[in-house]
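The structure appears right after this line, and notes come after that.
The values are calculated or read from the model by the stated rules, or taken from the named source; none is laboratory data. The shown structure was predicted, so the numbers you read here are calculated from the model rather than taken from an experiment. Here the Cβ positions follow ideal geometry from the backbone for every residue, glycine too, while neighbour counts run over all protein chains shown.
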Amino acid sequence: MVIYGVALLAFSFLLGLILGELFGYLLGIDANLGGVGFAMLILIFLSNYLKVNLNFGEISEKGITFWSAIYIPIVVAMAAKQNVIAAVDGGMIAILGGGLAVFISFLIIPLLSKIGK
Amino acid sequence: MMFLSSVESIFITNGVITAFLFVGLIIWFSYFLSNKLTKGKFHGSAIAIIIGLILAYIGGKITGGSKGLADITIFSGLAILGGSMFRDFAIVATAYGLDTKELKKAGLAGILSLFIGVILSFTIGACVAIFYGYQDAISITTIGAGTVTFLVGPVTGTALGASSEVMALSIAAGIIKSILVMVTTPLFAPFVGLNNPRSALIYGGLMGTNSGVAAGLAATDPKLVPYGAMTATFYTGLGCLIVPTLLFLIVSLL
């Protein structure tokens, strides 16, 4: 059933965020440290386990793949609610700081890609 | 007239549903432009994201608010659909069926890229702040924190007690970074080899801005989204951890 997929996704999501919160708490910072990343790893692990050990059917899978496919529309909605005015009003320090950080980071991608290959 | 205002209230009370329809129309129009004007070479989703940003600018101009188009009541559902709950839920969903071998192979480079990413962005922001005449360690650190991400900026600024003017600058730098990552990723991708899981992991670690990476990869190649998102999700946390502490200490000593 579709809800099994959605519920599995919700379970992974919430457990990941709880772990991220715990991790932040242990390190003494008021931020969720990698919760979404943990949630992704939990989902990968659980879905592989359930596929092998239980009959996690194709329809259940649709409860996850739907959300994966709706991702881009969500990102478009996210773009439409950005505070673009504040960015433009930040003046040269903001533009130079943000712009150089992005540009130089792009240049480093090929260098880091070579590591450990 | 009574009828018209009830129709309007239907759109408003069902804000998220209205947002689905509205985003659907933007995406349809974007793919139409992509096919007609660029023969599909420039991704429809990249165009949709740029249209979204332009609408956010217009919305901000009209209302003077901070949530772009979502500050106009009829589009308020965009704030929920595009908020962090749905975004992160969908990002986690993209991890379904991820190639774990790729994750393991690129793990070290991914972790390294996180540290380099935070420190590099911070250093650039701090240098720009110094260049513009800031001399106290708190302001320099706060502006540097903003170029890490627009979340690390205010977290650091609050922790150190920066002035509100510096905080605003720091947040602005972070938003500029995020928007530039959204818009320029599809353009830079071919030149820096951003076309495989490994480089996507590194890209996520270097850029770090969740919204920027999420949109940038969506507009470049949706298959790469989970890899970049995986490292990016640790970036803000790492920034909040080392910027107000270790990096502030280093700036104070210099």
Next on the checklist: Which count do you get for residues in region B:78-103 that are over 16 Å from B:Phe234 (Cα atoms) and either hydroxyl-bearing (Ser, Thr, Tyr) or more than 7 Å from chain A (Cβ to nearest Cβ) (or both)?
Outcome noted: 10
Checklist outcome for this item: How many residues of region A:35-62 are in contact (Cβ under 8 Å) with a residue 40 or more places away in the chain and buried (at least 20 other Cβ atoms within 10 Å of the Cβ)? The answer is 1
Next on the checklist: Give all pairs with beta carbons closer than 7 Å in which a residue from region B:104-125 that is more than 7 Å from chain A (Cβ to nearest Cβ) and within 19 Å of A:Gly99 (Cα to Cα) meets a residue that is of a type in the set (Phe, Trp, Tyr) and buried (at least 17 other Cβ atoms within 10 Å of the Cβ); count only pairs at least 6 apart in sequence or on separate chains.
Outcome noted: B:Leu114/B:Phe234; B:Leu114/B:Tyr235; B:Val118/B:Tyr235
Next on the checklist: Please count how many residues of region B:132-143 are more than 8 Å from chain A (Cβ to nearest Cβ) and either aromatic (Phe, Trp, Tyr) or part of a helix (DSSP H, G or I) (or both).
Outcome noted: 7
Item to check | Residues satisfying the stated conditions in region B:1-47, i.e. crowded, with 17+ Cβ neighbours inside 10 Å and of a type in the set (S, T, N, Q) | outcome: B:Thr18, B:Ser30, B:Ser34, B:Ser45
Item to check | Any chance B:Phe22 is out of contact with any Asp or Glu (no Cβ under 6 Å at 6 or more places or on another chain) and either more than 22 Å from B:Ala79 (Cβ to Cβ) or not in a helix (DSSP H, G or I) (or both) | outcome: no
Checklist entry - Do the conditions hold for A:Gly116, that is, is it at the interface with chain B (Cβ under 7 Å from one of its Cβ atoms) and at pLDDT below 80? => result yes
Next on the checklist: Regarding region A:86-107, can at least one residue be identified that is outside any helix (DSSP H, G or I), facing another protein chain (nearest Cβ under 7 Å) and touching a residue at least 12 places away in the same chain (Cβ under 8 Å)?
Outcome noted: no
Next on the checklist: Every residue in region B:90-103 that is part of a helix (DSSP H, G or I), out of contact with any Ser or Thr (no Cβ under 6 Å at 6 or more places or on another chain) and touching a residue at least 12 places away in the same chain (Cβ under 8 Å), please.
Outcome noted: B:Ile91, B:Glu102, B:Leu103
Item to check | Among (1) part of a helix (DSSP H, G or I); (2) of a type in the set (A, V, I, L, M); (3) within 20 Å of B:Arg87 (Cβ to Cβ); (4) facing chain B (nearest Cβ under 7 Å), the one test that A:Leu41 misses | outcome: (4)
